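**Student:** This is the structure, below, for whatever I ask next.
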Amino acid sequence: MTVRDDTPIRRMLRLIGAENLSLIIALVILIALIVSQTEFFFSARNLFNIGQNMAVVGLIAVGMTMVIVSAGLDISVGSIAGCASVVCALMVSQVGTVTGGIGAGIAIGLVLGLINAVIINYLRVNAVVATLATFSAFRGVAFLIAPEGRPVGVLDPTFALLGSGRFLQFGGFPGVPIAFAILVAVAVAGHIVMSSTVFGRQVYSMGGNPAAARLAGINLNRMRLWIYAISGGLSGLAGVIVTARTSSGQPASGTQGLELEAITAVFLGGALLAGGKGTVVGTMLAVLLLAVLSNGMNLLGIPTFYQLVAKGLLLVLAVAIGQWRMAASEARQARLTAAGGE
C-alpha cells in the first residue's frame with residue numbers, strides 16, 4: 001500500500017475492523033429508531049447518563065475480552081464486583097482513606113481473579129464450572145464481610161466524584177463523566193496490550209491453538225493467572241465505581257446481570273466461544289450498542305423484563321453469528337487446502 005492510499009478513512013477502518021462495521025450500522029439504525037420516538041435522546045443529560053452507565057459494564061467487558069479470547073470464561077465477575085464494593089466501602093467509611101478504598105477494591109478483585117485461575121489451572125476444573133462455583137461463593141463472601149449482610153454507607157464527597165463527577169464543564173456542555181473517562185483509558189490500554197504486545201499475541205495463540213502455543217514455549221498456566229487477575233482487577237474497579245455512584249458498598253452489586261451484559265458485549269463484538277478471536281474495539285462498540293438499547297427502552301417506558309429478554313436474545317444471536325463465521329472460515333480453509341493439494 002502506498003502512502004497516498006493510507007488515508008484517514010482506511011486507518012479508521014483498520015482500527016475498527018471490517019467485521020465491526022455491522023455493529024456501527026446497527027447502532028446508527030437503533031439511534032434513528034429511538035430518535036423517531038422520543039426527542040430526549042440527544043439531550044445533554046441523557047448522553048451524559050449513557051456514558052456514565054457504560055463504565056461499569058465496559059470495564060468488566062475489557063477483562064472479559066481477554067478471558068474469552070484465551071478460550072476461557074468468567075461467570076463470577078458480578079460477584080467479584082460485589083466483594084470489591086463492600087471492601088472499598090469499609091475502607092473509606094471506617095478507615096477514612098479514599099485512595100486506600102480504591103486500591104483495596106481493585107486488590108480484592110485481583111485476588112479473587114487469581115483464585116479462579118488457580119482452580120482452573122491446578123484443580124483442572126472447567127472454566128465455566130469453576131467460575132459458576134465461585135460466582136456463588138464470592139457472593140456469599142460479599143454478604144459475610146458486610147456488617148449483618150447490609151449495604152455499607154459511604155458519605156465522602158470526594159469519593160462520590162469517582163462515580164458521578166464530571167470534568168471539562170463549560171457553557172452549556174455538561175462535562176465528561178469521570179467514570180466514562182476511566183473506561184476510555186482502560187479500553188485504550190487494553191487495545192494496545194491485545195494488538196501491539198507479546199502478551200496480547202500470546203493470549204490469541206493460547207485461544208486459537210493451545211497445543212501449538214505450548215509447543216512455542218508459552219506457559220499457559222502463568223498466562224491464565226495473568227488473564228484472570230486482570231479480569232478480576234477490572235471487575236474490582238467496576239465495583240469501586242458502583243460504590244462511588246450509590247454512596248454505599250453493595251454486597252448485591254452485580255446481581256443485575258453484569259456478567260450477562262459483559263459476555264454479550266464480547267460475543268457481539270466478534271469474539272468466538274472457542275477463543276482466539278475478538279478485539280477490545282469490537283467489545284466497546286457492543287457495550288455502546290447495549291447501553292443505547294437499554295437507554296432507549298427506558299426512554300420509551302419498556303418494562304425491565306422485556307429488556308432482559310432482549311439482552312438474552314442478543315447473546316444467543318451473537319454466539320450464533322460467531323459460530324456461523326467460524327464454520328464459514330473452516331469451510332473456506334478446507335477448500336483452499338483441497339485446491340492446493342490438487
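The values are calculated or read from the model by the stated rules, or taken from the named source; none is laboratory data. Please read all numbers here as calculations on a predicted model, not as lab measurements. All Cβ positions, even for glycine, are placed from backbone atoms using ideal geometry, and neighbour counts span all protein chains on display. Note: accessible area is taken over every heavy atom of the protein model, side chains too, but ligands, DNA and RNA are not part of it. Shrake-Rupley method; radii C 1.70, N 1.55, O 1.52, S 1.80 Å.
**Student:** Set Lys and Arg Cβ to +1 and Asp and Glu Cβ to -1, take the dipole of the chain about its Cα centre, and tell me which of 196, 36, 235 lies farthest positive.
**Tutor:** 196
**Student:** In the chain, with Lys and Arg counted as +1 and Asp and Glu as -1 at Cβ, which of these residues, 251, 334, 321, has the Cα nearest the positive end of the dipole, that is, farthest along it?
**Tutor:** The Cα lying farthest towards the positive end belongs to 334.
**Student:** Subtract the Cα-Cα distance of residue 167 and residue 95 from 0.36 nm times their separation in residues, and report this length gain in nm to one decimal.
**Tutor:** Once the chain is fully extended between residue 167 and residue 95, it gains 23.2 nm.
**Student:** Let me ask you something else. If I stretch the segment between residue 188 and residue 331 completely, what's the gain in nm (0.36 nm per residue apart, minus their alpha carbon distance), one decimal?
**Tutor:** 48.1 nm
**Student:** Can I ask one more? What nm distance separates the two modelled labels at residue 221 and residue 45, each placed 7 Å from Cα along Cα→Cβ?
**Tutor:** 5.6 nm
**Student:** Additional query: Roughly how many debye, to the nearest 20, is the charge dipole of the chain about its Cα centre, given +1 on each Lys and Arg Cβ, -1 on each Asp and Glu Cβ, and no other charges?
**Tutor:** 480 debye
**Student:** Rounded to the nearest 0.05, what FRET efficiency do residue 129 and residue 273 have when you use their Cβ-Cβ distance and R0 = 25 Å? Don't jump to the answer; show the numbers that get you there.
**Tutor:** Working: r = 16 Å, r/R0 = 0.62.
So the FRET efficiency works out to roughly 0.95.
**Student:** Right, another one. Can you give the extra length, in nm with one decimal, that the chain gains between residue 298 and residue 338 once fully stretched, where that is 0.36 nm per residue apart less the Cα-Cα distance?
**Tutor:** Extending this stretch completely gives an extra 9.1 nm.
**Student:** Also: How many Å² of accessible area per residue for the chain, probe 1.4 Å?
**Tutor:** Result: 48 Å² of accessible area for each residue.
**Student:** Assign one of three labels to the chain, namely rounded, prolate or oblate, based on the Cα gyration tensor with a ≥ b ≥ c the square roots of its eigenvalues; rounded applies when a/c is under 1.5, prolate when it is not and a/b is larger than b/c, and oblate otherwise.
**Tutor:** oblate
**Student:** Now for a different question. Going by the alpha-carbon gyration tensor, a ≥ b ≥ c the square roots of its eigenvalues, is region 169-255 rounded (a/c under 1.5) or, if a/c is not under 1.5, prolate (a/b greater than b/c) versus oblate?
**Tutor:** The shape class here is oblate.
**Student:** Averaging sequence separations of C-alpha pairs under 8 Å and six or more residues apart, then dividing by the length of region 242-342, give the relative contact order as a whole percent. Don't jump to the answer; show the numbers that get you there.
**Tutor:** Working: 66 pairs, mean separation 26.8, N = 101.
Rounded, it is 27 percent for region 242-342.
**Student:** Sort region 119-169 into rounded, prolate or oblate with this rule: let a ≥ b ≥ c be the square roots of the eigenvalues of the Cα gyration tensor; rounded if a/c is under 1.5, and if a/c is not under 1.5, prolate when a/b is larger than b/c, oblate otherwise.
**Tutor:** oblate
**Student:** Could you give the distance between the Cα centres of region 18-38 and region 297-323, to the whole Å?
**Tutor:** 15 Å
**Student:** Also, quick follow-up: Explain nothing, just the number: relative contact order of the chain, from Cα pairs under 8 Å at least 6 residues apart, as a whole percent.
**Tutor:** Answer for the chain is 31 percent.
**Student:** Summarise the accessible area of the chain (1.4 Å probe, protein heavy atoms) by the percent that is carbon and sulfur.
**Tutor:** The C+S portion of the solvent-accessible surface of the chain is 68 percent.
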